[in-house]
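Scroll down for the structure; my scribbles are underneath it.
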Amino acid sequence: MIIIENIKSLEKWLEENYWFEDGYIDEIITSKNGDGSIDFVEIRLGYQSQGTLEGGTTITLKEYVIKASNIDLWTFDDGIIHNPDNCTEGIEVVEECEGMGIVFGVPALVKLICHNIVIDGPFIRKTICKPWISDREIFCYYKENEIPRPFEWIKWLRELGFNISWRYGGSEAKKSEQIPYPDYSGCFLQETYKIPNTQFGIFFEHVDFQNGRIAIHIVKYAEIKDELWDAITTTLAMKPYAEIHCGNCRFKGEQWIEYLNSKTIPEKMFEW
């Protein structure tokens, strides 16, 4: 048990725990007296102390429970949605107040000002890093000797039923030979009929040949249909020794295709 006696000891404890930057607020309990006044507030919070950010891997969490009483201000109420999966930007102290104060995000900002704080912990917990998938961005790596030429993308997607053109942001359709090669980073693919009424498409953020393999980073803009996104990412996943990085997950090519078909992360990817 740690008894926090003043703002200086609170700051020292927060600093020792990296201000809980990139941490989380797991649970919030507000206990009220019979007259509706607040008796105490209990906050369970923590951060990852060991492991990586890769989905499905074992990580170690370091958690504490803050119990605050003799409260002057507590802005958390039923109108604030608390998301325990939200990654906090850290906990800040309230400099000018009587007693001790902190501000943190849940993700909405919450402020606590009180006169008594007791901290239990640390509690060490091992768990699995929760996998998550981005619906608009992937990194693909695969082994081939040559970056795909712009006309090849048009050919592959035409075979899948899409009439596609290259463009720059806000431009008209461009012929494949007008697209720089081998580095067409900064260019977009878009369905040809949409080009007059849209600005973007699927953005090739980065195209490169590095360490004996091709690296392609693509981003989907809001006007793109899932069907086109799935077709392009499936084309990449079918490349030799393809590896897809999306969100905090890393897929083999066939695992990515399985995910697209089921919209469920294959459990066999992880040691669960």
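Mind checking whether some residue in the stretch 162-184 is buried (at least 17 other Cβ atoms within 10 Å of the Cβ), modelled with pLDDT of 95 or more and touching a Gly at 6+ places or on another chain (Cβ under 7 Å)?
yes
Of the conditions (1) at negative phi; (2) exposed (fewer than 14 other Cβ atoms within 10 Å of the Cβ); (3) touching a strand residue (DSSP E or B) at 6+ places or on another chain (Cβ under 9 Å); (4) not polar (S, T, N, Q), TYR241 clears all except one; give me its number.
(1)
For the stretch 214-231: of the residues being under 17 Å from ILE147 (Cα atoms) and within 22 Å of the chain's Cα centre (by Cα), which is surrounded by the fewest Cβ atoms within 10 Å (Cβ to Cβ)?
Within the stretch 214-231, the match that is surrounded by the fewest Cβ atoms within 10 Å (Cβ to Cβ) is ALA215.
Return the pairs, sorted by first residue and then second, in which the second residue is surrounded by 16 or more Cβ atoms within 10 Å (Cβ to Cβ) and among the aromatic types (Phe, Trp, Tyr), the first residue lies in the stretch 117-146 and is more than 19 Å from GLY56 (Cα to Cα) and in contact (Cβ under 8 Å) with a residue 40 or more places away in the chain, the beta carbons are less than 6 Å apart, and the residues are 6+ apart or on different chains.
ILE119/TYR64; GLY121/TYR64; PRO122/TYR64
Checking the conditions here, which among ASP35, ASP22 is in contact with a Ser or Thr (Cβ under 8 Å, 6 or more places away or on another chain) and modelled with pLDDT under 95?
Exactly one residue qualifies, and that residue is ASP22.
Can you tell me which residue among ILE66, ILE113, ILE117 is touching a Leu at 6+ places or on another chain (Cβ under 6 Å), crowded, with 18+ Cβ neighbours inside 10 Å and farther than 30 Å from ALA222 by Cα?
ILE113
Condition first: in a loop (DSSP other than H, G, I, E, B), at pLDDT 95 or above and under 19 Å from GLY161 (Cβ atoms). Now tell me which residues in the stretch 221-272 satisfy that.
Of the residues in the stretch 221-272, the ones in a loop (DSSP other than H, G, I, E, B) are 221-225, 238-242, 247-248, 263-266, 270-272.
Subset that is at pLDDT 95 or above: 238-242.
Listed by number, the list holds a single entry, MET238.
Going by the conditions given, is ASP208 modelled with pLDDT of 95 or more, of a type outside the set (Phe, Trp, Tyr), over 19 Å from ASP230 (Cβ atoms) and not in a loop (DSSP other than H, G, I, E, B)? Quick ask: steps written out before the conclusion?
Working: modelled with pLDDT of 95 or more: yes; of a type outside the set (Phe, Trp, Tyr): yes; over 19 Å from ASP230 (Cβ atoms): yes; not in a loop (DSSP other than H, G, I, E, B): yes.
Yes; evaluated as a whole, the condition is true for this residue.
In the set ILE80, ILE119, which member is out of contact with any Ser or Thr (no Cβ under 9 Å at 6 or more places or on another chain) and within 19 Å of ILE7 (Cα to Cα)?
Testing whether each residue is out of contact with any Ser or Thr (no Cβ under 9 Å at 6 or more places or on another chain) and within 19 Å of ILE7 (Cα to Cα) leaves just ILE119.
Would it be correct to say that VAL106 is more than 18 Å from the chain's Cα centre (by Cα) and farther than 30 Å from THR233 by Cα?
When the stated conditions are applied, VAL106 does not pass them.
Which of the residues belonging to the stretch 210-251 are of a type in the set (S, T, N, Q) and more than 21 Å from GLU159 (Cβ to Cβ)?
Selection gives GLN210, ASN211, ASN248.
Grab the strands (runs of 3 or more DSSP E) fully contained in the stretch 72-180, keeping just those with 2 or more residues being closer than 20 Å to TRP19 by Cα.
100-105, 109-128
Just the residues that are out of contact with any helix residue (DSSP H, G or I) (no Cβ under 9 Å at 6 or more places or on another chain), assigned to a loop (DSSP other than H, G, I, E, B) and within 18 Å of PHE162 (Cα to Cα), please, taken from the stretch 181-203.
Within the stretch 181-203, THR198, PHE200 meet the criteria.
The values are calculated or read from the model by the stated rules, or taken from the named source; none is laboratory data. Everything numeric here is computed off the predicted structure, so don't read it as measured data. Here the Cβ is made from the backbone with ideal geometry for all residues, glycine too, and neighbour counts use every protein chain on show.
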